[in-house]
Every structure is written in C-alpha cells, then in structure tokens.
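Here is the structure we will look at.
The values are calculated or read from the model by the stated rules, or taken from the named source; none is laboratory data. Everything numeric in this text was worked out from a predicted model, so none of it was measured. Virtual Cβ from ideal backbone geometry, glycine too; neighbours counted across all protein chains shown.
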C-alpha cells in the first residue's frame, strides 16, 4: 500500500475535521448571540451557560499574602497552628472544673435545638423553603422537607447503630469548637457525588493544607525567597486539581499526613478567625486567652487543697507551764496529737514546756479573700465565653458589673443573646453550606426558638393588638375561635371616643339643618300667593244692597272654603 497516499488521506481528513470544528464553533456563537437576544428566559439561561463554557478564563489569583511568605518550618504538606499551647494542653485545660462546666452548659443548651420544632413556642430546628411562607408550600415541598429532616436526624441516608445521631453530632461539634476554636466534620459522598452521610471527626487531628495557599505560593516574592526549596514546591504544590480545586485540609497522625480533603469533603469551622498572616488561617481559642486565669484557678485550688492536707501553720500553741517530767510530757504530746491532728496529720499543735496555756494564732478569717479571688476568676472565664455565671450555678447576686447587672431573667436573656445565639448561627451556617445546599439548594436549615415567644406573651400581645389595629374577630380567628356578632371592631377606648364624637357632631348638624329648614318654610305662604276669589266681587259692588248680598255670598263662600279645608 502506498504510504504517501495514506498520509495525504489522514492530512486531508484532519483538515476537514478542523474546518468542521471551526464552522461548528462559529455556529455555536451565532446561536448564543441569538439566545442572548431572545425573549424566552430559558433560552437566555442556556445561552449564558454555553457562553461560560467557551469564554476565556480570567486570572483571578489574589495578590495579597494570606500567610507568612517566608515561613517554611515543617515541609510536611500542611500549615501548622501557631500557638503557645498544644491541642493536648487545651484539652486538659478544658477539664478544669469551671471551664468544663461552661462547655457542658453550652453543649446542653445547643443540643436542646437538635430536634425538629414541635410547636412555635419550643426550641428546635426547621427546614424551610427560601422565600416561601408555610402556606405556600406544595405537597412536593413538604415531602422534601420531611426527607431532609430525617436525613439530618440520622446523620445520613440510613441511620445505623454504629453512627451518631444529630444530638451526638452537635455535642461533639460544640465541644471541639469551645476547646480548640476548631470543629470539623466529614461529608461522605457516593460515586454519583450525592451526600450519603456526615460524621464528626477529631478537630485536633486536622490541619490546613499547604495547597490551600497555592495562589500565595505562586507569588514571585515567595518563589524568590524559596529558590532553594524546589523540592518543597515539587512535592506539595504540584498536586493535581480535581474539578479545579486543590485539597484544602489534611488529617495528620504522628506528624504525617494520612488523609487529604477537598473543600466539599470536610467542614473546617473557625469561630474567631484572624486576618494575621502569622495565624495560618487558624482561630484563637477562648482557652488561649484564659491561660493566666486557668493557671490562677489551678493555683487557688492547689493552695486550698494543701491548706487542709499539708498545712504547716498551726492554729495555736499549747504551752505547759513549770517543770514537768520529760517522759510524762512526751506521753502527753502523743496523746494530744492523736486526739486533735487533722486530715493526713495536718495542723499538728505544738506543745512547749511551760505553764499550761492556749495561744490562738488564728484571730482573723481570711476565707473571704479567697472567695473574692475565685469569684473574680470565674467572672473572667464567663466573660470570655460570653455566659452568665448564673447559668453554671454560681451565685453573683451580691455583686454586679457589666453583663452581670440586672435581674436574673435579664442576665440570662442577655447571656443567651450574646453567647448562645452566635454559637447557633455559626453552626447553622456550616450545616447549610456543607449539607443542605448540596442536597437541596432551595431549602435552608434554621434554628428557631432562641428568643421564642411563649403562649402567654403571644396572647398578651394579641390582646394589645386588638386594642390598636386588629379586630376582635381577627384575633379570634388566629386562635381558632368562631367569629362573634358585632366583633369586627377595634377594642380601643380612644378610637371609640373619637367615633362617638364624630357621630354626635353629624347628628347635631342634621338637627340644625332640619331646624333651619323649618324656619325658612311657611305653609301659609302658598295660600297667600293663591288668587283671592273675592277680589272680583270687590270691583263690582257699588251700593249697600249689593254689599249686603255680597256679604251673604262671602259668608257662604267662606263656609265652603272651611269645609274644603276640613
């Protein structure tokens, strides 16, 4: 077979395909242009989607540093947290009685919202459609809400005995977040990319990957500063992307990377982020701010513990006066110590040779100074965690200041608004971003009831509304009651005074108009305006006889007139 002929056929075929591709490309551009100018919204949307596929990509790498450009301390594939305390130390600090009480209180408060809201007066969560009211939901929407709710409660498609439920999941998240300011959970997907389940993970084992700052590492300044670290870039910066994204987080075990996570696979939640390039994207835990406070608490507890177990300052002296037999004195000492020595043989009372006398060495009670100091430390801890000491069982009714002023109800409300509400909103945003939006983007997860109104308060509010701008029947309809006769009124005394005054004014004007109308109309005027039938006789009467006859006629005429009037 002729090789030259084959090569020509291949070349011509490739040219034909190239030509066809160009023609198809320009044909596609014409259709996109036509779709952009169409009046059909679907055509416009499809045209925009098609254009985004062929539009030239614009370089969108940021210029600002997000990390320290010259910080290369590990070369292990992740950026470690710049901290003064390790994760293990923070965990041990969280076991301090006061700190542990604060964390457990917040865990229980947040877990109270880990179930669907049973009624509008209770705590819980709801799944709602964005921009739609309850009465606007279709049957399909309600079915989707029910499915999403079951998915959350089971932490996956199918709940299993070896997996967490939603209550346990939330408790783990809050514990890690309040200890490390770092909470993590993995979102597990199937082969089709659908979410199958989500599981809580140990936040202390997760770090931010170097590839999360890949754009920063491409900066010329960093490249020049790391010119002698080519192996670092070849190892950690050349990891292939997946769907245009690089791994953002890793899990480590014994300082080695064991797992890598893309952005949609792991939620890495930080409540106290910082713009500092030296923080490496990590947050600052409340415990790191409370280093001195927790240390002082431990010292105070240790001092008090040793005060009772190994106290060296005697409570007094027993002085034996006069010369006493040494053997008898030693025997007395042994008997005395056996009788009054404290726990672990503390507070032994010295016995000296002299006349028998008791010398008290504890004239002042200094317990109040210790109490005031511990109360101060507890207030600082509660202030950093934005929680009222009353919530953890510490009575501060005799002292105030700041968020601790006011009645107990006011303090508790303020504490929840300042501490619990932001914590719930933070967790809500993470659940929506990593779980609800990928499942059903038209729905959202919302914690409700944090400042929920009670039935008594709502009834009181409706009564006030009925006295201002709603009618009695409208209020009855809201509470499921039948309308009553004459119930379409506003029960407001000021309003009804104004209505009554207006009605009286209108009635008075009607009376005045009627009276004025009667004065202007005289019923006798019509009679006076009528022609007098006797005028014709007056002109023709000349003598007395005629006058007499005329008089008779007049009398008869008048009698007839009266009869007609009757």
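Structural remarks
- Close pairs (7 angstrom Cβ cut-off, 6 or more residues apart or separate chains): assigned to a helix (DSSP H, G or I) in the range 120-143, surrounded by 13 or more Cβ atoms within 10 Å (Cβ to Cβ) anywhere: 141/129
- Unmet requirement for residue 8, which otherwise passes all of (1) outside any loop (DSSP other than H, G, I, E, B); (2) modelled with pLDDT of 75 or more; (3) not assigned by TED's automatic domain parsing to the domain that holds residue 213: (2)
- Screening residue 163 on (1) touching a strand residue (DSSP E or B) at 6+ places or on another chain (Cβ under 7 Å); (2) buried (at least 19 other Cβ atoms within 10 Å of the Cβ); (3) without any contact (Cβ under 8 Å) to a residue 60 or more places away in the chain shows it passes everything except condition (2).
- A residue that is at pLDDT 85 or above, under 30 Å from residue 296 (Cα atoms) and loosely packed, with under 13 Cβ neighbours inside 10 Å occurs somewhere in the range 78-86.
- Those helices (runs of 4 or more DSSP H) lying entirely in the range 426-538 with at least 1 residues modelled with pLDDT under 70 and either under 31 Å from the mean Cα position of the chain (by Cα) or in the same structural domain as residue 151 (by TED's automatic domain parsing) (or both): 455-466, 472-478
- For the condition under 33 Å from the mean Cα position of the chain (by Cα) and either assigned to a strand (DSSP E or B) or modelled with pLDDT under 90 (or both), residue 176 does not qualify.
- Within the range 413-426, if we keep just the residues that are in contact (Cβ under 8 Å) with a residue 24 or more places away in the chain and in contact with a strand residue (DSSP E or B) (Cβ under 8 Å, 6 or more places away or on another chain), the residue that is surrounded by the fewest Cβ atoms within 10 Å (Cβ to Cβ) turns out to be 426.
- Criterion (modelled with pLDDT of 90 or more and out of contact with any helix residue (DSSP H, G or I) (no Cβ under 7 Å at 6 or more places or on another chain)) met by exactly one of 128, 171: 128
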